[in-house]
Amino acid sequence: MNRLREAHTAQRLTPRQFQLMVLLKNQANAIPQSELATSMNVAASVLVTHLNPLEGDGLIVRTRDPQDRRRHFVTLTELGGVRLAAAERAQCEAEDRLFITLESGEREQLRALLSRVYTSMDITAAC
């Protein structure tokens, strides 16, 4: 995490802002702010603390829903896409240094296993 945090910080992003921007990039349309909070598993008030600096830097745009002025949609800007691409490259370089001793097949296996662990964290199970 320290190496990834350093890679993101070098691009003037926190790891959560990076995650948020990746979610926005992977959507074809603007995402409702409430849906973004749910996807990131954070309270709406916490999400705002991540969105405000991104919006201030011109990396995202929030627009009001014309039918419901309490609702906002979030979109990644072109500048945000450029910054995210640089952060993704920095993350890949950090991962390359971290996993230098693993072959590509082993990396994919590790990624798949970690993804399964992460997914299972959402499942409530008795220990």
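What the table below lists for this structure:
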{"quantity": "All positions within region 64-101 that are outside any helix (DSSP H, G or I), exposed (fewer than 13 other Cβ atoms within 10 Å of the Cβ) and among the basic types (Lys, Arg)", "calculated": "64, 69, 70"}
{"quantity": "Residues (without any contact (Cβ under 8 Å) to a residue 60 or more places away in the chain and part of a helix (DSSP H, G or I)) located in region 17-31", "calculated": "17, 19, 20, 23, 24, 25"}
{"quantity": "Unique match (being modelled with pLDDT of 90 or more and over 25 Å from residue 118 (Cβ atoms)) among 72, 50", "calculated": "72"}
{"quantity": "Conditions (1) farther than 23 Å from residue 34 by Cα; (2) of a type outside the set (A, V, I, L, M); (3) touching a strand residue (DSSP E or B) at 6+ places or on another chain (Cβ under 7 Å): number failed by residue 99", "calculated": "(3)"}
{"quantity": "Given (1) more than 29 Å from residue 3 (Cα to Cα); (2) not in a helix (DSSP H, G or I); (3) not charged (D, E, K, R), index of the condition residue 34 fails", "calculated": "(2)"}
{"quantity": "Matching residues in region 24-54 - criterion: being buried (at least 16 other Cβ atoms within 10 Å of the Cβ) and within 17 Å of residue 87 (Cβ to Cβ)", "calculated": "24, 50, 51, 54"}
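The values are calculated or read from the model by the stated rules, or taken from the named source; none is laboratory data. Given the structure is predicted, the values throughout are model-derived calculations rather than measurements. No Cβ is skipped: glycine too gets one built from the backbone with ideal geometry, and neighbour counts run over all protein chains shown.
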